[in-house]
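Each reported figure results from applying straightforward, stated rules to the coordinates on display, with no laboratory input. Being a predicted model, the structure only gives us computed values, none of them experimental. Quick reminder, even Gly has a Cβ in these numbers, built from the backbone with ideal geometry, and neighbours come from all protein chains shown.
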Amino acid sequence: MLFKKKISVGIDIGSNMIKIIGIQKNEKIHIEFINSIDLYHTKKIKRPEDLNDTILVQSIRKIFDSLKKFKLSKVNISISSQNAIVRSLEMPIIEGDDLKSAILWKLTNIIPYTTKDIKFDYQVLNLNKNNKTQDVLVGVVPSSDMKRILDILSRLNLHPDLVDIDSLAVYHCFKSLYDDTKNKTVALFNIGAEKTSLIITNPNHNPYFISLNLGGNTITQDIMKNLHTSFIKAEQLKINSHTHSNNQKHNSEANEKFDIKKYYKLFKYKLSLELKRAEIYYQTQYGEEKIENIFLTGGEAKSDNYWNPLKEDIIVNNTDNEHFDEIGPFFTTALGLALRD
């Protein structure tokens, strides 16, 4: 072979897990490799506050040690900060530095940071030539969060092709792989350990992004409080319940003592309240019909028996790996990053 196409790599760094995927894009997505590491399985952390950058570096290095044959040096990586903000803005039709300056000025009125303490990037969604405006999608992160992720990469001798907010990676994965020609309004729930990103999108309107302080650890902490146990034991109970439910195997003695469903029911109730508020706002803004589909991604997507029939799969039939459809929602952020050339 005289020429081998570059492998595009996406790394999703979460609070509980690190997920990585390498792809090549042809008519379908060809998966070169896929891997993940559960930070609690390393036995270096027993509660969320134990996690630090050194553990993250060691864990990512362990994954990359198994991928040496690919000779990887450049990656696309996510920022999963609760302080990240994504907004759609209407701007005049200008370009380059003039547009950047105008966006920065507008951000001063809508973000809780001083502009000298942030990093931001944008993409043009569409041009409205009749009223001489353009809609831009803007991602904002504190400079300290950006510095942290770049420091982690530097310690690993990796170079970023792209640093993106996790919710934007999910949105771009959806836009790349899902056929939205039916003009449906859909909601994307990306449920991580510490937070949930909710995205409402319709092909005729700008997307709406909101970050919720609810995640998989919310369920774990509820279990911990109710059973008066440690975080790590509560997390193990939750994970073991996933396994029993998804494999349709039941340990009768364990199930008598512990019922995971009530904790998911409470969590789903909290999310449904937030979804209803967001849906009302979106309808007020754009006059759209109710949300017709909900897509679930992120770490909690693996517990799909507790969510059906709420969710569909964004990724079905878009890869040449027949087994990927089963785990695809779990890797949506990493895949969305890898899809960004």
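So between I327 and S154, what do we pick up on full extension, going 0.36 nm a residue minus the alpha carbon distance? Show your work: numbers first, answer last.
Values: separation 173, 0.36 × 173 = 62.28 nm, distance 2.99 nm.
Gain in length upon complete extension: 59.3 nm.
For region 275-284, putting each phi into the Karplus relation 6.51 cos²θ - 1.76 cosθ + 1.60 with θ = phi - 60° gives couplings of 5, 5, 4, 5, 5, 4, 4, 5, 5, 5 Hz, in residue order, rounded to whole numbers and with x for Gly and Pro.
Each residue of region 164-170 is assigned a 3J(HN,Hα), and the resulting list reads 9, 6, 4, 5, 5, 5, 5 Hz, derived from the Karplus form 6.51 cos²θ - 1.76 cosθ + 1.60 (θ = phi - 60°), x at Gly and Pro.
Averaged over residues, the count of other Cβ atoms within 10 Å places the peptides 30-39, 127-136 in the sequence 30-39, 127-136, highest first. Counting 0.36 nm for each residue step from Y286 to I37 and taking away their Cα separation leaves a gain of 85.5 nm. Amide H contacts of K74: H159, each under 5 Å away and 5 or more positions distant or on a separate chain (H built 1.01 Å from N in the peptide plane; Pro and chain starts excluded).
Note on region 198-233 and region 22-77: Cα centroid distance 23 Å, given to the nearest whole angstrom. Extension gain, E27 to K233, is 69.7 nm, computed as 0.36 nm per intervening residue step minus the present C-alpha separation. Per the Debye formula on identical point scatterers at the alpha carbon atoms of region 169-218, with no solvent, log10 I(q)/I(0) at q = 0.22, 0.29 Å⁻¹ is -0.78, -1.09. Of K106/K132; K44/K225; K184/K265, which pairs sit farther than 19 Å apart, going by alpha carbon to alpha carbon? Over 19 Å Cα-Cα: K44/K225; K184/K265.
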